[in-house]
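Reviewing the structure listed below.
Where a number appears in this text, it was derived from the coordinates with a stated rule and is not lab data. All values derive from a computational prediction rather than experimental measurement. Positions of Cβ are generated from backbone atoms using ideal geometry, with glycine treated the same way; all protein chains shown enter the neighbour counts.
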């Protein structure tokens, strides 16, 4: 079946879904995006992603293009037209189309693009059961990683480094050797003392919606959490390492830079949290 995209008010086949060459998303990476998990044709964590979308747009002074209800209808229709049961729906909002100039154009409506695709959840589940490999690289991104922009070239280079090493994800670290986050994920460890840790969001890391949902689950499960940064060396000595994202859920990493994590198998905390997150996401999807 041919895939369908929504672009600025119209649903088009992918081959005909285009934006103007002077769209600022293309010219300057002047835009933001969100990705929702889709469970049984329904969107997971809808409100959380909408809250972050509005924050990102506000931080970049891009007008909010439509109401939450109107956007929900567009997302749902894109999912429906692509016959997505389980998968992902991707939204991109740019500052719009205007003659190329670094300064903001005046009175330019934002561009809105939505795509959706099916995902084989069983394949991801199989990887989670055996655990994935990770690598580490210096974090070379700009200082506002709390905004979910489409300017992802450093993330692309980090992810490519992982692929070239035969790994699933790349954990990035700052000038002090502290892990910031993954190329497309938030990073967590169960340290060598058994303490569950993840970096706090004051460090200009992405305010992951899946991360936020997992914090609530951790509280409900009665697990103790320390929102405190950890070094690459601490991660390599940890009992468990895992990453989280809307497209990843909770994914255990069983090695970093070739160093085995724990006993080299997914640990009980990551396994428990993945099951709890998937259950909640499916139950609460709208």
So if we plug the beta-carbon distance of residue 117 and residue 286 into 1/(1 + (r/R0)^6) with R0 = 25 Å, what FRET efficiency do we get, rounded to 0.05? 0.80
Could you please rank 115, 185, placing first whichever residue has the fewest other Cβ atoms within 10 Å of its Cβ? 115, 185
Residue of 125, 59, 181 that the Gaussian network model of the chain assigns the largest fluctuation, springs spanning Cα pairs under 10 Å: 59
What nm value, rounded to one decimal, do you get for the distance between residue 101 and residue 73 when each label is placed 7 Å out toward the C-beta? 3.5
0 to 90° range, to nearest 10: angle between helix 121-130 axis and the chain longest Cα axis: 20
For the chain, what is the mean residue ellipticity at 222 nm derived from helices alone (per DSSP H run of n ≥ 4: -39500 (n - 2.57); sum divided by total residues; nearest 500 deg cm²/dmol)? -9500 deg cm²/dmol
What spacing in nm lies between the two simple spin-label points modelled at residue 64 and residue 127, each 7 Å away from Cα in the Cβ direction? 3.4
Residues 230, 104 in order from fewest to most other beta-carbon atoms within 10 Å are 104, 230
Of 251, 66, 50, the one that fluctuates the most in a GNM where the chain has Cα springs shorter than 10 Å: 66
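When the chain is fully extended, how far beyond the present Cα-Cα distance does residue 142 get from residue 108, taking 0.36 nm per residue of separation?
Details: separation 34, 0.36 × 34 = 12.24 nm, distance 2.59 nm.
That pair, residue 142 and residue 108, stretches by 9.6 nm at full extension.
Would you mind getting me the FRET efficiency between residue 156 and residue 81? Use the beta-carbon distance for r and R0 = 30 Å, nearest 0.05.
Step by step, r from the Cβ atoms, then E = 0.60.
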Give the calculated FRET efficiency between residue 200 and residue 26 to the nearest 0.05, with a Förster radius of 35 Å applied to their Cβ-Cβ distance. 0.55
Taking a point 7 angstrom from the Cα of residue 16 along the C-beta vector, which residues in the range 93-113 have backbone N less than 11 Å away? none
7 Å from Cα along Cα→Cβ at both residue 174 and residue 212: what's the point-to-point distance in nm? 2.2
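Could you list 26, 39 in order of exposure, starting from the residue whose Cβ has the fewest other Cβ atoms within 10 Å?
26, 39
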